[in-house]
2 protein chains.
Amino acid sequence: MGGFRYAQFCPLARATELLGERWTLLVVRELLLGAQRFSDLRRRLPGVSASVLADRLGHLEQRGILEHRELPPPAAASVYALSELGRELEPVMAELARFGARLLGDPRPDDHIEPDWLRLAGMLFARREATAPRAFRVRVAGAEPAVEFFVRGGPAGTQVLDSPCDVDVTLCAEPLVLLALMSRRAAPDTLVESGALRVEGEIASVCEFPALFDVPAPTPNDGEDPS
Amino acid sequence: MGGFRYAQFCPLARATELLGERWTLLVVRELLLGAQRFSDLRRRLPGVSASVLADRLGHLEQRGILEHRELPPPAAASVYALSELGRELEPVMAELARFGARLLGDPRPDDHIEPDWLRLAGMLFARREATAPRAFRVRVAGAEPAVEFFVRGGPAGTQVLDSPCDVDVTLCAEPLVLLALMSRRAAPDTLVESGALRVEGEIASVCEFPALFDVPAPTPNDGEDPS
DNA sequence: CGGAATCCTCTTCGATACTG
DNA sequence: CAGTATCGAAGAGGATTCCG
């Protein structure tokens, strides 16, 4: 692909021309978490080569999905950030993530997992209807520097915040444990008892945490996987 | 691509592995409109070669998105249809179409346009909140056999039906005219006066038709297009 | 009609090296 | 660090042929 175009007058075809190249969607995923430098992106996307990443960033910039900003004097760095148009991909990513969650299965041994993705999961799987008015600090173990974010339920649905707010309870666990909690694949009590989930604060609130999110149940993979 | 996998434990990566190959998403688009035969799909996807189409159908079947059914004695035909899992892609397609609609611009001279896509547009852009309780028959001109579908507003949102129902009014126009109407890029009165939009029935209802849908306004393409 | 198999071409990719 | 340039290898795609 490159300037590939389907010769079709259709919004889905247009969107796919933009996002359908390999790695492109994952670049957008990373930028949903905030502005990143070239080498940040490379580290977070294991397997992508410099030339391909540069190519994809170029396309996305050219098409107005992201902006390439040079941070001027103090920190001599250049970062990529989603444009206003690019940020409107969030609902698309949310639906796509909901679909993908059914097929996720278990991690393979060589699968990369980025602690920051849990924050993204919080954003994308956030319930959009009213949720319990509780606030949580979530700390993802195993990251340096630590990933920490805040989740707050309310009448307008669940919100994920980057900056601190008053919380009822703090949760701390490995990414996979937090994912199991959010997706209801493990009971909060069990996780706490086993020590996989550390809790500080009003421990009873923990049971309300999964209800803030809407992660579809996995689909049994009845299809074979003859690789 | 083929059995390509991103080595990432992430729902978006999984979904992209499934849908990211060229043509794949457009195959799903066509099947959202109903079961199709191999050559139907080829005709509706100008530019795809038999081998690529067969390859994509094979992948989608293997991964449980679609089913290959042999219609037995009477009509000796074999058709492809979305599985239950595949049908759950509809919300994804709806969000993606909303995004793509901003970038759609004007049709290029060689752009293919399928009358049936208007039915799909009705489905994907249907408003999900309560809409005016009016029913419309929509006839897309220039198709043989004619494409016809029914749209009904109501407290549960807009519904698109394939089978006839009592309607207040019938609209008949070319695909681009209907699209302009749905997306509010042309006023109903103007279209009627110019003769581009033919109306039978309670003509005053026509003005309520666009309100049944939620098509985002186009984004001005500030990016250059040096092809 | 509904594809599978073959051949050949055009892209695309990754590694390495190089530049500001 | 933040990329660009080059080049060989791998892969994807199109056309054609053939078979049920």
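Where a number appears in this text, it was derived from the coordinates with a stated rule and is not lab data. Since we're looking at a predicted model, the values are computed, not measured. Positions of Cβ are backbone-derived with ideal geometry, glycine not excepted, and every protein chain shown enters the neighbour counts.
Quick notes
- Under the combined filter of DSSP loop state and at most 14 neighbouring Cβ atoms within 10 Å, the range B:116-214 retains these GluC sites (Glu not before Pro): B:Glu129, B:Glu202.
- Extension gain for B:Ala143 to B:Arg127 (0.36 nm times residue separation, less C-alpha to C-alpha distance): 3.1 nm.
- Pseudo-label separations to other copies for A:Ala81 - Cα-to-Cβ vector, 7 Å, nm: 5.0
- Plainly put, the protein assembly as shown has a radius of gyration that is 0.99 times its Kirkwood radius, both from alpha-carbon atoms, as the Rg/Rh ratio.
- Electrostatic dipole magnitude of the range B:51-109 [Cβ: Lys, Arg +1; Asp, Glu -1; Cα centre; debye, to 20]: 240
- Binning the alpha carbon pair distances of chain A at 10 angstrom intervals from zero yields the distribution 7, 28, 33, 23, 8, 1, expressed in whole percent.
- Once the convex hull of all Cα atoms in the range A:40-159 is built, its volume per residue stands at 168 Å³.
- Paramagnetic reach from B:Ser194 in the range B:153-185 [backbone N under 12 Å; point 7 Å along Cα→Cβ]: B:174, B:176-181, B:185
- A label point on B:Phe4, set 7 Å along the Cα-to-Cβ line, lies at 0.8 nm from each of its counterparts in the other copies, closest listed first.
- Environment charge of A:Arg69, counting only residues whose C-beta is closer than 15 Å and scoring Lys/Arg +1, Asp/Glu -1: -3
- Length available on full extension from A:Asp162 to A:Glu70: 0.36 nm per residue minus the Cα-Cα distance, which gives 30.8 nm.
- Taking amide H positions as modeled 1.01 Å from N, with prolines and chain starts lacking one, the residues under 5 Å from A:Ala77 and 5 or more places away or on another chain are A:Leu71.
- Sites B:Ala217 and A:Thr170 - FRET efficiency at Förster radius 45 Å, r taken between beta-carbons, to 0.05: 0.55
- Looking at chain A alone, DSSP beta bridges between its own residues are antiparallel in about 80 percent of cases.
- Estimated FRET transfer efficiency when R0 is 22 angstrom, pair A:Ser39-A:Phe4 (beta carbons, to 0.05): 0.20
- Relative to the other identical copies, B:Glu193 shows label-point distances of 7.5 nm, where the label point lies 7 Å from Cα along the Cβ direction and values run shortest first.
- Gyration tensor verdict on the range B:117-221 (Cα atoms; rounded if a/c is under 1.5, prolate if a/b is larger than b/c, oblate otherwise): rounded
- Working note: 222 nm ellipticity from helices only, DSSP H runs with n ≥ 4, each -39,500 (n - 2.57), summed and divided by the residues of chain B, gives -9500 deg cm²/dmol to the nearest 500.
- Label-point gap, in nm, between B:Arg185 and B:Ser49 - each point 7 angstrom along Cα→Cβ: 3.4
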